[in-house]
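Each reported figure results from applying straightforward, stated rules to the coordinates on display, with no laboratory input. Here the structure is a predicted model, which means the values were calculated and not measured.
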Amino acid sequence: MKATTFDALARILANRLPRRALHQGAAALVAGVGLTTAQRRVTAQATPTANQDEAAGSDLFVQTFRAGTLTPDPNESGVYTLSLEGSLGDTVYFSDRPARRVGVIPTAVLLEQLGFTPADPPNAALVAETADGEDILVVELMNPRYDEAAGTLAYDVRLLADYAGTALADLAARQADDQFASSFTTAHLFIDGCGGGQCWNSAVSMCVSCQCFQMGVQGCPCVSGTQNPCYDPNMQCESNPGSAPGSTGSCWYP
């Protein structure tokens, strides 16, 4: 990771996160920034039961930008276009107990794999510096449009009146109202992980069914040629014939 990227992310962790998440995530971030994507994998803390619906640990994603604008949609009340510029190109992810996962994902990869369905869009907290100081707005994210070369990213966002989750609770409590400046600088976007029965699998940099963290579930994604690519060590990571090590495959019993 570039030094400027790490410095910017370190400032976010120091200034924005609740103390518990900071203490658990910052040390792991320092230790893990040099790892490759294939090495950033989920570490299972215990064998999930068959009726467990959630992954071990709640993930949070952080994107950082130099500036941005928020423009109302003239055709739909409560919907805006969030335009962001000066992207660092990477998104940090980390989780709380018991998983304590941490790593860096290319933003383009995350946007492809997180899932932006209209029925279950990701929740996010926008934290930005405005002419009046720091401001916070909790929204739903839809329809991402990313230009990696230009370092710009736009979302359609819908104001979220009552945030019911936990990962963004600290930021949601600090939101003064539903008013936000039309332009701002130094923007940070905190995205509340996956949803709809999906769990983030950092071994393959994607959200997968939470059932994939249970023994005996076949067909879950994996990266071939890596150590212990499947949650169940008795499974094999099978990819298309002729695929090179490091290709994405699926876990199956031999």
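Once amide H atoms are built 1.01 Å from N in the peptide plane, which residues 5 or more positions from SER247, or in another chain, come under 5 Å H to H?
Those lying under 5 Å, H to H, from SER247 are SER224.
Got a sec to turn the phi values of the range 233-246 into Karplus ³J(HN,Hα) couplings, 6.51 cos²θ - 1.76 cosθ + 1.60 with θ = phi - 60°, whole Hz, x for Gly and Pro?
3J(HN,Hα) across the range 233-246, in whole Hz: x, 7, 8, 10, 8, 9, 10, 4, x, x, 5, 6, x, x.
Enumerate the amide H contacts of ASP73 below 5 Å, restricted to partners 5 or more residues apart or on another chain; note that Pro and chain-start residues carry no placed amide H.
Residues meeting the criterion, in which the H sits 1.01 Å from N, are VAL79, TYR80, THR81.
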